[in-house]
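Here is the structure we will look at, set down as structure tokens.
The values are calculated or read from the model by the stated rules, or taken from the named source; none is laboratory data. Bear in mind the structure is a predicted one, so any value in this text is a computation, not a measurement. Methodologically, a virtual Cβ is constructed for each residue, glycine included, from the backbone with ideal geometry; neighbour enumeration extends over all protein chains shown.
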Amino acid sequence: MREKIILDCDPGHDDAVAIILAVADEKLELLGITTVVGNTSLENATNNALRILNLVGVKDVEVYPGADRPLVRDTVLAPKIHGYSGLEGAEIPEPHKKPSTKHAIDFMAEMIEKHPNEVTIVTTGPLTNFALFALKYPHLVGKIKSHVMMAGGIAFGNVTPVAEFNVFADPEAMSVVLGLDIPKVMAPLDLTHQAVVDHEIVNKIRNLGKEYLKPIADLLEFFIGAYKRYFGIDGAPLHDPCAVMYLIDRDMFEWEEMYVQVELKGELTYGQTVADIWHLGGKDPNLRVLKKIDSKRFFERLLDDLQKIGT
Ligand code: RIB
Ligand code: CA
């Protein structure tokens, strides 16, 4: 049976690839996309999700807008990496479809009531929507099959030295989510920086010969350039597709169950995910932390899926 998922995202270059993976791979049943403010505004993220679906010719997936601001802190965006629009660097036509008028968290509730214990929430942006869902529908939390998130960093951050963007953009939402008693999987920066897209891989994507992949290749070239300019590294980590790929083929990964908290008060450490890697605090683990990925298998599966659309 295919894994039923809701993809909550903030497209975003890597979110765009995660969307294509979610619609293309036969292991997954994408129930819908929910959008959240993060890399860019909610309006842009929603329009970007619709544009990507339109680009690959997917018409039967709806997009449900969610939160346009974090729970508590001020809004933080990521224009340096993704551009103001959130998908800078490629010509992608405007969508024909409009977003749903149903709120993201009400869609999450509807799907979890309809498919109890079968739905996995995949988040590839700040955790605001998922936290709001849990606060509005506490009686439905126990009916979620699992949660897989691209979030956090164990050894390093990417917005501050210790805080990763999806958590830094709404640390209080991450705190709510970490407290949920459901199976949770985290793909932190320590993992996603093992799945680095470079020019060679982009050329392989271009050579797949699918018209809709040209703008995707352009997006990835922009993303690679942003990582060179901003972090001084060659190649860009494909953060968000790692979270989706876990549900496609978890044999690609190694992991460890850990107790992870999020810092909400530190002047230097606000938004840091603090993992008790030596189990010093005596607390039971609260989530599965992905530690290693077989990047060869990751890119083989990704390239295989990228060319499946429209076949
Ligand atoms: O830190 C990486 C994460 O922040 C990714 O989800 C990227 O899309 C941005 O949202
Ligand atoms: Ca994202």
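Counting only residues that are within 15 Å of ligand 1 (Cβ to nearest atom), farther than 23 Å from Glu221 by Cβ, among the hydroxyl-bearing types (Ser, Thr, Tyr) and touching a His at 6+ places or on another chain (Cβ under 9 Å), region 38-86 holds 0 of them.
The residues on offer are Asp15, Asp8, Asp60, and the sole one that is in contact with a Cys (Cβ under 6 Å, 6 or more places away or on another chain), of a type outside the set (A, V, I, L, M, F, W, C) and either at pLDDT 95 or above or within 13 Å of ligand 2 (Cβ to nearest atom) (or both) is Asp15. Name the single residue, out of those in region 155-175 being farther than 20 Å from Pro79 by Cα and surrounded by fewer than 21 Cβ atoms within 10 Å (Cβ to Cβ), that is nearest to ligand 1 (Cβ to nearest atom). Per the criteria, the residue is Phe156.
Residue by residue, here is whether (1) small (Gly, Ala, Ser); (2) part of a helix (DSSP H, G or I) holds:
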residue: Ala217; (1), (2): yes, yes
residue: Phe223; (1), (2): no, yes
residue: Ala226; (1), (2): yes, yes
residue: Cys242; (1), (2): no, yes
residue: Pro285; (1), (2): no, no
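The number of residues in region 8-37 being among the aliphatic types (A, V, I, L, M), within 13 Å of ligand 1 (Cβ to nearest atom) and more than 14 Å from Val122 (Cβ to Cβ) comes to 2. Got at least one residue in region 122-135 being touching a residue at least 12 places away in the same chain (Cβ under 8 Å), away from ligand 1 (no atom under 13 Å from the Cβ) and in contact with a Phe, Trp or Tyr (Cβ under 8 Å, 6 or more places away or on another chain)? Among the residues of region 122-135, not one is touching a residue at least 12 places away in the same chain (Cβ under 8 Å), away from ligand 1 (no atom under 13 Å from the Cβ) and in contact with a Phe, Trp or Tyr (Cβ under 8 Å, 6 or more places away or on another chain), which makes the answer no. Scanning region 123-138 for residues that are touching an Asp or Glu at 6+ places or on another chain (Cβ under 8 Å) and either surrounded by fewer than 24 Cβ atoms within 10 Å (Cβ to Cβ) or not in a loop (DSSP other than H, G, I, E, B) (or both) yields Thr123, Thr128, Asn129, Phe130, Ala131.
Applying the set (1) in contact with a Ser or Thr (Cβ under 6 Å, 6 or more places away or on another chain); (2) among the polar types (S, T, N, Q); (3) more than 16 Å from ligand 2 (Cβ to nearest atom) to Asn129 leaves exactly one unmet item: (3). Is at least one residue of region 234-247 over 16 Å from Val148 (Cβ atoms), among the aliphatic types (A, V, I, L, M) and either at pLDDT 95 or above or surrounded by fewer than 16 Cβ atoms within 10 Å (Cβ to Cβ) (or both)? Scanning region 234-247, I find at least one residue that is over 16 Å from Val148 (Cβ atoms), among the aliphatic types (A, V, I, L, M) and either at pLDDT 95 or above or surrounded by fewer than 16 Cβ atoms within 10 Å (Cβ to Cβ) (or both), so the answer is yes. Taking residues in region 164-184 that are among the acidic types (Asp, Glu), and partners anywhere that are not in a loop (DSSP other than H, G, I, E, B), the pairs with Cβ atoms closer than 8 Å and at least 6 places apart or on different chains are Glu164/Leu189; Glu164/Thr273; Asp170/Thr128; Asp170/Ala131; Glu172/Ala131; Asp181/Val141. His147 meets the conditions (1) touching a residue at least 12 places away in the same chain (Cβ under 8 Å); (2) away from ligand 1 (no atom under 14 Å from the Cβ); (3) out of contact with any strand residue (DSSP E or B) (no Cβ under 7 Å at 6 or more places or on another chain) in every case but one. The failed one is (3).
Let's see how each residue does on (1) closer than 20 Å to Cys9 by Cβ; (2) away from ligand 2 (no atom under 16 Å from the Cβ); (3) not in a helix (DSSP H, G or I):
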site	(1), (2), (3)
Ile121	yes, no, yes
Leu140	no, yes, no
Asn166	yes, no, no
Val176	yes, yes, no
Met186	yes, no, yes
Lys214	no, yes, no
